[in-house]
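Novice: Here it is, the structure, as structure tokens.
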């Protein structure tokens with residue numbers, strides 16, 4: 001999700017219902033089982049502070065009622081819970097070396113191969129957060145398609161668990177100060193500057209929206225898509241998962257990639273000792289073995 005989980009941002013409970021030991025242990029187990037996130041004992045006050053907002057929104061008087069809601073219908077509240085306990089950290093063209101590899105090497109090769117074979121090109125942004133990552137990919141892809149002068153069925157799938165983040169990604173509207181990683185040339189070409197009530201904001205160009213499909217997905221649950229994908233971006237998502245969860249996820253990613261397909265991780269993540277399906281070919285860049 002290009003995210004951090006419960007960063008120490010100073011948010012803590014200030015009055016209101018208290019998160020008891022029984023409820024905290026239930027939440028720890030629930031979050032680990034459904035999201036793959038391991039919450040330490042030290043996160044109790046932060047969990048309490050974040051979830052007080054959900055209690056108020058749901059008009060619940062205590063955390064026992066919230067836990068009961070999760071027991072009755074886990075899927076209905078799972079996205080909101082994930083949003084409450086995670087802090088999305090993302091930006092356009094973050095970790096620029098990945099986009100440079102796409103632009104300078106991978107996309108020209110793929111597009112030529114797809115043109116000859118008639119195959120489609122698919123890239124997956126797994127944990128897309130508010131959409132900056134897949135729209136940055138879309139800029140690079142759209143420009144590569146134009147340079148190649150070829151008609152190829154090319155799409156980007158963007159998925160996340162957070163309903164709030166997905167809502168932003170679908171709208172594709174961003175404050176101008178969020179465009180810091182975008183060159184001036186790309187700003188002029190790929191964004192429509194807002195006016196009136198949208199002064200200070202910009203919307204991504206319709207061409208980019210055509211290339212990106214935004215959908216909800218829990219990486220730990222069943223995946224409706226069958227692939228294959230030419231590349232998967234899963235950056236700064238698995239850093240808070242435990243080792244068995246990471247191993248299962250990397251194994252599933254390998255099943256979605258053809259031999260030679262690419263998996264991109266975040267700057268603080270590594271696959272070392274976790275998978276024999278991939279080889280390291282660049283900075284946080286892995287290729288599926290033949």
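Novice: Do the conditions hold for residue 127, that is, is it closer than 17 Å to residue 90 by Cβ and at pLDDT 95 or above? First the steps, then the outcome.
Specialist: Values: closer than 17 Å to residue 90 by Cβ: yes; at pLDDT 95 or above: no.
Answer is no for this residue.
Novice: Could you please let me know if residue 83 is at pLDDT below 90 and either closer than 26 Å to residue 264 by Cβ or assigned by TED's automatic domain parsing to the domain that holds residue 158 (or both)?
Specialist: Working: at pLDDT below 90: yes; either closer than 26 Å to residue 264 by Cβ or assigned by TED's automatic domain parsing to the domain that holds residue 158 (or both): yes.
Criteria met by residue 83.
Novice: So, in region 172-188, how many residues would count as being touching a residue at least 24 places away in the same chain (Cβ under 8 Å) and surrounded by 13 or more Cβ atoms within 10 Å (Cβ to Cβ)? Show your work before the answer.
Specialist: So in region 172-188, the residues touching a residue at least 24 places away in the same chain (Cβ under 8 Å) come out as 172-176, 178-182, 186.
So of that shortlist, the ones also surrounded by 13 or more Cβ atoms within 10 Å (Cβ to Cβ) come out as 172-174, 176, 178-179, 181-182, 186.
Number of matching residues: 9.
Novice: Please note which helices (runs of 4 or more DSSP H) are completely contained in region 86-194 and include at least 1 residues that are within 20 Å of residue 258 (Cβ to Cβ).
Specialist: Details: elements: 96-101, 107-117, 132-148, 163-171, 184-190.
Ranges flagged: 96-101, 107-117, 132-148.
Novice: Looking at (1) under 20 Å from the mean Cα position of the chain (by Cα); (2) surrounded by 13 or more Cβ atoms within 10 Å (Cβ to Cβ); (3) under 22 Å from residue 154 (Cβ atoms), can you tell me which one residue 288 breaks?
Specialist: Unmet for residue 288, out of (1) under 20 Å from the mean Cα position of the chain (by Cα); (2) surrounded by 13 or more Cβ atoms within 10 Å (Cβ to Cβ); (3) under 22 Å from residue 154 (Cβ atoms): (1).
Novice: Scan (1) in contact with a helix residue (DSSP H, G or I) (Cβ under 9 Å, 6 or more places away or on another chain); (2) in the same structural domain as residue 160 (by TED's automatic domain parsing) for the single condition residue 64 breaks and write down its number.
Specialist: (2)
Novice: Six or more apart or on different chains, Cβ atoms under 8 Å: show the pairs whose first residue is in region 99-123 and free of Cβ contacts under 8 Å to residues at least 60 places away in the same chain and whose second is surrounded by fewer than 14 Cβ atoms within 10 Å (Cβ to Cβ) and assigned to a helix (DSSP H, G or I).
Specialist: As it stands, the answer is 108/147; 119/113, since those pairs meet every condition given.
Novice: In this structure, is residue 42 surrounded by fewer than 17 Cβ atoms within 10 Å (Cβ to Cβ), over 25 Å from the mean Cα position of the chain (by Cα) and at pLDDT below 90?
Specialist: On the way: surrounded by fewer than 17 Cβ atoms within 10 Å (Cβ to Cβ): yes; over 25 Å from the mean Cα position of the chain (by Cα): yes; at pLDDT below 90: yes.
When the stated conditions are applied, residue 42 passes them.
Novice: Among the residues of region 143-171, write down those that are touching a helix residue (DSSP H, G or I) at 6+ places or on another chain (Cβ under 6 Å), buried (at least 20 other Cβ atoms within 10 Å of the Cβ) and within 30 Å of residue 80 (Cβ to Cβ).
Specialist: The answer is 156, 158, 160, 161, 162.
Residue-by-condition table, conditions (1) over 18 Å from residue 166 (Cα atoms); (2) in contact with a helix residue (DSSP H, G or I) (Cβ under 8 Å, 6 or more places away or on another chain); (3) not assigned by TED's automatic domain parsing to the domain that holds residue 141:
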{"residue": "200", "(1), (2), (3)": "yes, yes, no"}
{"residue": "206", "(1), (2), (3)": "no, no, no"}
{"residue": "220", "(1), (2), (3)": "no, yes, no"}
{"residue": "228", "(1), (2), (3)": "yes, yes, no"}
{"residue": "244", "(1), (2), (3)": "yes, no, no"}
{"residue": "255", "(1), (2), (3)": "yes, no, no"}
{"residue": "258", "(1), (2), (3)": "yes, no, no"}
{"residue": "261", "(1), (2), (3)": "yes, no, no"}
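Novice: Could you run through region 254-277 and say how many residues are touching a residue at least 40 places away in the same chain (Cβ under 8 Å) and either surrounded by fewer than 19 Cβ atoms within 10 Å (Cβ to Cβ) or under 19 Å from residue 98 (Cα atoms) (or both)? Break it down into steps so the answer makes sense when it comes.
Specialist: First pass over region 254-277, keeping only residues touching a residue at least 40 places away in the same chain (Cβ under 8 Å): 256, 262, 264, 266-267.
Next, only the ones that are either surrounded by fewer than 19 Cβ atoms within 10 Å (Cβ to Cβ) or under 19 Å from residue 98 (Cα atoms) (or both) stay: 262, 264, 266-267.
Qualifying residue count for the region: 4.
The values are calculated or read from the model by the stated rules, or taken from the named source; none is laboratory data. In this text, all values refer to a predicted model and were calculated from it rather than measured experimentally. Neighbour counts are summed over all protein chains in view; Cβ atoms, including those assigned to glycine, are modelled from backbone coordinates with ideal geometry.
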